[in-house]
Every structure is written in structure tokens, then in C-alpha cells.
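Q: What follows is a single structure, and I will ask about it in a moment.
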């Protein structure tokens, strides 16, 4: 399945549009069937113990890769949430004409805020993809113990167990790789957001130095009109009082 189809399937599962989990990614290692792996491992039965331990190491390594990516993605989710709140607070400048004047400055700031928001959304989405349990984690089938009970020797049981672990680790390595890729993409989008925030800070600094800071003329005019009306009313009352 192409990469973009995997992304669509992941997004549909995260949004709840699909009750089915996306299909697991194709493994890059240990692609053979369990029986074929066992046949390759059974060349030297005296190495059964060492092969079983090595297979366990492969299986644990896939778990460690996935857990490491999930921990880093969880930390990044918190950073994205903090940066998003600051970005939304900065958007209030666009709504206050007394603080930011000039259509050009508003357009530049608005485009920057849109870019930052888009980058943060993508960073958060990919981080959620890394921490979510979209794919079924592979493990040896417990029922296989009855199959192992029918084997001829303890060495054959160990070899079969090693083959089961290698097959599961191949699938889990592919899942872990998807998580690592998602975490890398989340970090990339977050880095872009940070550079855009820096650009916005520079833009605001330049505006503070060279931008026009004039009070809103409409507000001044309205206040002046109200003041004139109030003065006229007071004058009329004084005139009436003097006549009486």
C-alpha cells in the first residue's frame, strides 16, 4: 500500500470514521513464514539456546523502539499545546485596531499566524499518530504451545519458539518504524512552527520601531461629538435657570 494510503487509513481511524484498524505495515525483516524461519534455524540444533536468546533480543528491541518514540511524542504534544495557546493569544492583535494599524501589517501577521497554526496542527497530528495504538502489536500465539508439545526434542521446541519470536519481531519492527517516522515528522513540523514564531517576533519588533501608532480617528471623533453634545445640554440648562 502506498504511503499516502497508509496516512489516510490512519487519519480515518483516529477520527473514528473507520472501526477497522489500518492494515499493519509490511515487515522489512523476517518476511518468511514461521515454518520457513524454523527450517533455517534448525541447521544446528546445538545452537538452539543461543538462537532463542537472540530472538528474544530482537523482539525486545522492537518494543524499546516503539516505547521510545511514544515517550518523545508525548513530550512534544505538551509543547505543541503550549505553543498553540500562545499563538491564539497573539491572534487578538488582529482584532484590535488600536494596537495594529495598516492593512499590510495585518496581512503579514495574519499569514504568519495561519502558517504557525498549520505547522502546530500537523505536529500535533503526527505526534498523536506516534502515540496511538493503530496497529495490532504482534506476539507469538499462546496456542502454539500445543504444537510445540508434539515436537521431537527440547532443541526443536526452542527453535520453533525462536521462529515465532522472529516473525513477531519483524512485524513489530515495521510498526515501530512507522512510529519513529511519525515522531520525526512531528518534530519537523514543530521546528517549522518555531521558525515562524521567530519570524513573527521579528515582524512585531519592526512594527514597533517603524510602524505608525495613531489613535483611531473614529473613536476620537465619536468622543468629541459626545463631549460637544454634553456641553450644549449643560449650556441650555444654565440658560433656562438664569431666565427663571
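The values are calculated or read from the model by the stated rules, or taken from the named source; none is laboratory data. For clarity, every value in this text was computed on a predicted model and none was experimentally measured. Note that we place each Cβ from the backbone using ideal geometry, even for glycine, and neighbour counts take in every protein chain shown.
Q: Restricting attention to region 18-25, does a residue exist that is touching a residue at least 60 places away in the same chain (Cβ under 8 Å) and either in contact with a strand residue (DSSP E or B) (Cβ under 8 Å, 6 or more places away or on another chain) or closer than 20 Å to residue 158 by Cβ (or both)?
A: The answer is no; no qualifying residue exists.
Q: Something else now. Which one of these is out of contact with any strand residue (DSSP E or B) (no Cβ under 6 Å at 6 or more places or on another chain) and surrounded by 18 or more Cβ atoms within 10 Å (Cβ to Cβ): 132, 177, 169, 153?
A: Of 132, 177, 169, 153, the one residue that is out of contact with any strand residue (DSSP E or B) (no Cβ under 6 Å at 6 or more places or on another chain) and surrounded by 18 or more Cβ atoms within 10 Å (Cβ to Cβ) is 169.
Q: Take residue 160 and tell me if it is surrounded by 12 or more Cβ atoms within 10 Å (Cβ to Cβ), at pLDDT below 95 and in a helix (DSSP H, G or I).
A: Yes; evaluated as a whole, the condition is true for this residue.
Q: For region 16-95, please list each of the helices (runs of 4 or more DSSP H) lying entirely inside it that holds at least 2 residues being crowded, with 17+ Cβ neighbours inside 10 Å and touching a helix residue (DSSP H, G or I) at 6+ places or on another chain (Cβ under 9 Å).
A: Fully inside region 16-95 and qualifying: 34-41, 48-90.
Q: Determine which single condition residue 124 fails, assuming it passes every other condition in (1) in a loop (DSSP other than H, G, I, E, B); (2) touching a residue at least 60 places away in the same chain (Cβ under 8 Å); (3) within 17 Å of the chain's Cα centre (by Cα).
A: (1)
Q: So residue 38 clears everything in (1) over 28 Å from the mean Cα position of the chain (by Cα); (2) modelled with pLDDT under 90 except one condition, right? Which one?
A: Going through the list (1) over 28 Å from the mean Cα position of the chain (by Cα); (2) modelled with pLDDT under 90, residue 38 breaks only (2).
Q: Taking residue 99 and the conditions (1) in contact with a helix residue (DSSP H, G or I) (Cβ under 9 Å, 6 or more places away or on another chain); (2) at pLDDT 85 or above, which numbered condition does it fall short on, given that it satisfies the others?
A: All conditions are met except number (2).
Q: Just to be sure before I move on: is residue 180 under 19 Å from residue 76 (Cβ atoms) and either modelled with pLDDT of 90 or more or assigned to a helix (DSSP H, G or I) (or both) in the structure I sent?
A: yes
Q: Any idea how many residues of region 167-193 are free of Cβ contacts under 8 Å to residues at least 60 places away in the same chain and under 22 Å from residue 91 (Cβ atoms)?
A: Qualifying residue count, region 167-193: 1.
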